[in-house]
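Just so you know, all these numbers are worked out from the coordinates, no wet-lab data involved. As the structure is a computational prediction, the values presented were derived from the model and not from experiment. Here the Cβ positions follow ideal geometry from the backbone for every residue, glycine too, while neighbour counts run over all protein chains shown.
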Amino acid sequence: MTAKPVRLNAAGDPAIGMGPSSLVEPECFTTDDRTELISHHFTTGDQKILAGVWECAPCREEIEAYPVHEMMTVLDGSLTLTDADGHAETYEAGDTFFMPKGARCTWEITRTLRKFYMIADV
């Protein structure tokens, strides 16, 4: 296979769209909406690098150690991250941020979030 650039599409893979995702535990959702969708646009053979788009309804999770390195760009919605020291930052459409592997945080989606992601699990 020849390596080539990959366009990330905010609506998901143009051929198949978005599919179900189950990264968030059901009890973490904060409304009756349990929507969680994902579309991987790029995955290495060993699945150590992933890129695509993810959408999730409002939820709140206490994360002891973020499982991967992840860079994200918010396309729609709102996410507030509170670090281990209690410092909170809110990210909305157009904001890009990086979450290092091992970071302790509270992850709270306050308005359905759609984001581009690039994950490195190294």
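Listed values, structure above:
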read-out	value
Cut-off under 5 Å, modelled amide H: who pairs with Thr35 long-range	Ala57
Spatial separation of Cα centroids for region 10-39 and region 80-105, in angstrom	20 Å
Per-residue HN-Hα couplings for region 62-68 [Karplus 6.51, -1.76, 1.60; θ = phi - 60°; Hz; x = Gly/Pro]	8, 10, 5, 8, 4, x, 9
Where labels lie 7 Å past Cα in the beta-carbon direction, separation of Thr44 and Arg111 in nm	3.6 nm
Set of lysines with alpha-carbon distance to Lys115 below 22 Å, sequence-local pairs under 8 removed	Lys48, Lys101
Sequence-separation-based contact order of the chain, relative, with Cα cut under 8 Å and 6+ spacing, percent	28 percent
